[in-house]
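Worksheet: the structure to be examined is printed underneath.
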Amino acid sequence: MKQYFSEPMLRGMNIRVVIRIHEMICLENTGKPHCLAELLDVSERTVYNYIAFMKEELKAPIHYSTIKESYYYTEPPGLCFVVGKKIKK
């Protein structure tokens, strides 16, 4: 069985934070990393870790614009999160 995510990279990751970052990147409204950290109630270093995780493990084409002061996708990311749906057994 292929392991898609490296264990150290997953440790401490919260999918809700990943989804929130994704939503804000889609809107190109993340602000500077320290502002995003405040909004998410995490450290700036944690923001960098989440962005690295999304880029490396989810292959999200994320870049940062110093002009817009926001992260953005250079192309459609191909990420789809379904929130609030229960899985039937």
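No value in this document is a laboratory result; all are computed from the given coordinates. Computed from a prediction, not measured in an experiment: that's the story for all the values here. Note that we place each Cβ from the backbone using ideal geometry, even for glycine, and neighbour counts take in every protein chain shown.
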Take the residues in the range 34-86 that are assigned to a loop (DSSP other than H, G, I, E, B), free of Cβ contacts under 8 Å to residues at least 24 places away in the same chain and touching a strand residue (DSSP E or B) at 6+ places or on another chain (Cβ under 9 Å), then tell me which one is nearest to Met13 (Cα to Cα).
-> Pro61
Select from the range 7-33 the residues that are of a type in the set (Val, Ile, Thr) and in contact with a strand residue (DSSP E or B) (Cβ under 6 Å, 6 or more places away or on another chain) and write down the one among them that is farthest from Tyr72 (Cα to Cα).
-> Thr30
